[in-house]
Each structure stands twice: as C-alpha cells, then as structure tokens.
Amino acid sequence: MEDSALMTEGRINEVLADILKVDALQEALVNLLVVPKSEKDTTRLATVCTELQRVFTEASTEAANATSAAQDGQQGANQKATENTKPVGVEVSTRIQETGVSTIVSVLARQNNAYRAQFVASTLTHLSTTNTVSPKVVCLCLLMDENLIPDNDIFWVTAFGIIKKILTGVDYKGVREIMKMCLERARQLPTNLRRSQLHLVDALYEVMKLIFDRNASLLPGYFIVNELLKLYPDYKHWPHWKLASLLTDFVDKFRRAAQMLSIVVRPKLRPIVEHAGHNSPSINSWKLDSVTLKFQLKGALPYTPELLEPQPFLLRYILRQPYSREMVCTVIDIQKKQKQRCIALEEQLVELIIAALEQDCSRVDNSGSGSSTNGSPSNGSSSTCADHSPCFCAHLSSLLIYFVLFQLISFPSLVLRLHEKRCCIPSLNQYQYLTTLTLGVSCRWLPCVF
C-alpha cells in the first residue's frame, strides 16, 4: 500500500507539473498579467481531470489487488478472508485518496498566482463532484495543511472557496469535524484587520454561514449548539469578533428550547422533605451532581446562568430538615452500598455546624446584653432558643453518625475542615469554651461508631 501511495503521489506531481508549466515572461509578470478564460482552458481542465481520475482509479485497483493477493497467500481461500477483503479494500482506497489529495493540496499551497491556483482548485472541485475522491477527504486535507495561514492569502481564500462548493457532499459527521477545524482556523486571524485582509475573514465567514444555514441541512442544529457550548461555555471568548454575531445568534435560537426543558425560578424553589417520599418521580427535579452540586440538566443547551451554578443552599436546606437522610442520598445520587465518599456533603455539613456555632455565640451575646440591661435574662426568646438548640444538635449528630457509618464522609477530614473554618471566624474564637461544648454535644454519639 505504501508503494501505491508513493506511485500515486509521483504521477499526480507529473500531471500537474506539465499543465502548470509557464514561460519565463509569464512567470516574471505573474501579478500583472490578466489572462481571460477561454475554451482552451476548459479543454485543459477536462484533460487534467481525466488524467487524474485515471491515476486514482488505477492506483486504487492495484493496491486492492495486491492486498487481496497477500491475504489469499497467508490465509488461503477461506470464508474469513473473503469477508475481510472488502473493509481492507475500502481502507486502501481511502489511503490512496488521502495521499493523492494531499499532493494536489501541496501544489495548490505553493501557487503564488491566483489564476493557476484557481485552475488547481477547479481540478479538486471537479474530482470531488464526480466522486473520484471523497469531498470530506478534500475538506480535511485543506484544513489540516500547514500552509493554511492568513499570510498565504491566495491559498487561504482558494481553500475556503473549495470547501464552500463541495461541503454539501459531506455527511453530517464530517461537517461537524470541519466546523470545529474552521473555528480553530479562525483563531489565526488577526484581531485588528486591515482593509486588505477583509477578504480572508469573508471567505471563512461564508463557510460557517453555510454550515449554520438551517435550510441547507448540513448539520443538525443541536449538534452545532452542543459543540459551541463545549468549546465556548461562557459565550464571550469567541474565536474571532467577525464570527461573534453569527455564533451568538445561532445559540440564542435555542434559548426557548432550554426554557421549555427547565423549571421557572428553579434555584429559588425548595422541595418538601417527606418521611418516605424520596422515591417519588418528582425527586428527579432536585437531583444534583455529587461533585459540583449543579443541577443535572438535559442536554447542552443555553440555560440561564442561575441553573448552571452550584446549589449548595439547596443541599443545606434538605440537610436541615428532619428525616432527610435518605433524600440527601437520592438528591446527590450516592449509593450507600458502594460506600462512596462525597466531599461536597462534608463541606455542607461543616457549614451547618459552623452556622449552629454562630447562632450559639450570638445567643450568648444577646443573653449577656439582656442581663446587663434588665438585670435578668430575657423571659421568652432565650428559653425558646435553648429548647431549639439541643434538637438541632441532635439532628446534626444523627446525620453525622449515619453518613460516617456508610462511609459517605470521613470524620477525621470533617473535624479538620471544622477546625480550619472555626479559626477563620473571629466571633467563634472569642467563645472557645462554647464552640468546644457545642461540638461535643453535636458529636456525643460518634464514639459509638468506632
């Protein structure tokens, strides 16, 4: 197969060298001569295309026959060899096409005369429209060529002109790949364009516009949005300002679809925590990712920024509710049998304990100020808070015991996180005896676990 590829490359170079040969005067006045098209040029183009078609056909046939003979010699004429002949033949033909097209593209990239570059481009276009070579192979070879840079303006404009003409013959998977490569090439364009460089941007813009055209049906719109959101999730750092309006307008067309698949003001809603309601289908609306605590949204669509942010307050709200242990495991999608540690759950439990400690500290401040002012502690609020604090501490200790038992959190790690948090809050450091006492009450049952 390697020999066939090399032979194809040599034959194509010979054909193109003969047809692109010019005299010394024309070479010297390359940018001054204006050569009108004539019937002679059409005849030359047809001759070259016919010769190249013959080269591709002969090379593919010879390579396929050589591969088939090698298989017959190694495996014999059994059924398995017969079944493998067709895929290998297709692979050989594809390799021959890639080699031949890459050779033509290399010749095109070296042209410094727009007239001769257009002649080579017409040859490539004719070969792809007649199915001699695959349009996808031609597009990919053009986009992957190292000479496709804005400084080589003749090759840049000619290459994207060819892609625009033959793109309709590429399947949707190939168009998806071509779109991503075009976006990468757009990064090479200078931000500050001179007037002489506008045609470079226009050539790329026309290709992207054709891909995004819903009437052309080259690529499903959802695939386009999916790729754009994966490459540019913030909608800001587009590859080039010239394409910004085209990309933004296309993404905005899917905002209504995203609104239909999302719940209005979802981040502000809170679920009703029932004793045995964690298995109901409605719980799917509250499920969060166990690592990022973000909503599990359907598909890559332009959702509102609030839906894409982490939701620690939702998990903290559920943790505060009584009998919420099973619902917490369901919401963050953790299997107790797998004993999977959840760092996000540890962090939210630490936040709850710190909040409880801050409430106790503020309660001490209020009681102290009440005693100094009235001579005696306040009669209604202090008793209510005092009754409520042990209940909440018991709830926290119950959660800690439950999650530690199933190894969903690490108790040593939780204690270290709690110590770091407490040291960062000055108000808690003033009442070290109270924070130690409250932490002891919260974790009074934990020694039973060990």
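Looking at this structure, is Gln311 modelled with pLDDT of 90 or more, surrounded by 17 or more Cβ atoms within 10 Å (Cβ to Cβ) and under 27 Å from Tyr232 (Cα atoms)? Taking the combined requirement at face value, the residue satisfies it. Screening Arg185 on (1) in contact (Cβ under 8 Å) with a residue 12 or more places away in the chain; (2) charged (D, E, K, R); (3) under 21 Å from Gln97 (Cα atoms) shows it passes everything except condition (3).
Condition check ((1) within 15 Å of Asp249 (Cβ to Cβ); (2) touching an Asp or Glu at 6+ places or on another chain (Cβ under 7 Å); (3) of a type outside the set (Lys, Arg)) across all residues:
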| position | (1), (2), (3) |
| --- | --- |
| Arg195 | no, no, no |
| Val207 | no, no, yes |
| Ile211 | yes, no, yes |
| Ile224 | yes, no, yes |
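A single member of Tyr303, Tyr323 is at positive phi and modelled with pLDDT of 75 or more, and it is Tyr323. When segment 121-146 is filtered for residues that are touching a residue at least 40 places away in the same chain (Cβ under 8 Å) and outside any helix (DSSP H, G or I), the ones remaining, listed by number, are Thr130, Thr132, Val133, Ser134, Asp145.
Inspection of segment 186-208 identifies at least one residue that is within 21 Å of Gly174 (Cβ to Cβ) and among the acidic types (Asp, Glu).
Within segment 30-59, residues that are farther than 24 Å from Ser128 by Cβ have Cβ atoms under 9 Å from residues that are at pLDDT 75 or above and of a type in the set (Ser, Thr, Tyr) in these pairs: Val30/Tyr115; Leu33/Tyr115; Val34/Tyr115; Val35/Tyr115, counting only partners at least 6 apart in sequence or on another chain.
All of Pro310, Pro281, Pro239 fail the test of being touching a residue at least 12 places away in the same chain (Cβ under 8 Å) and over 25 Å from Arg341 (Cβ atoms), apart from Pro239.
For segment 188-211, check the following and say yes or no: at least one residue is free of Cβ contacts under 8 Å to residues at least 60 places away in the same chain, under 18 Å from the mean Cα position of the chain (by Cα) and closer than 18 Å to Trp156 by Cα. Checked against the condition, which is being free of Cβ contacts under 8 Å to residues at least 60 places away in the same chain, under 18 Å from the mean Cα position of the chain (by Cα) and closer than 18 Å to Trp156 by Cα, segment 188-211 yields no hits at all.
Could you list, in sequence order, the residues of segment 373-427 that are at pLDDT below 50 and touching a Ser or Thr at 6+ places or on another chain (Cβ under 6 Å)? Result: Pro377, Ser382. Sort out which residues of segment 292-307 are more than 13 Å from Val331 (Cα to Cα) and either in a loop (DSSP other than H, G, I, E, B) or in contact with an Asp or Glu (Cβ under 7 Å, 6 or more places away or on another chain) (or both), and write them in order of number. Leu297, Lys298, Gly299, Ala300, Leu301, Pro302, Tyr303, Thr304, listed by residue number. Taken residue by residue, segment 335-342 has no member that is crowded, with 16+ Cβ neighbours inside 10 Å, part of a helix (DSSP H, G or I) and at pLDDT 60 or above. Looking at Asp234, Asp249, which is the one that is in the same structural domain as Thr191 (by TED's automatic domain parsing) and modelled with pLDDT under 85? Within the list Asp234, Asp249, the selection yields Asp234.
The values are calculated or read from the model by the stated rules, or taken from the named source; none is laboratory data. The shown structure was predicted, so the numbers you read here are calculated from the model rather than taken from an experiment. Positions of Cβ are generated from backbone atoms using ideal geometry, with glycine treated the same way; all protein chains shown enter the neighbour counts.
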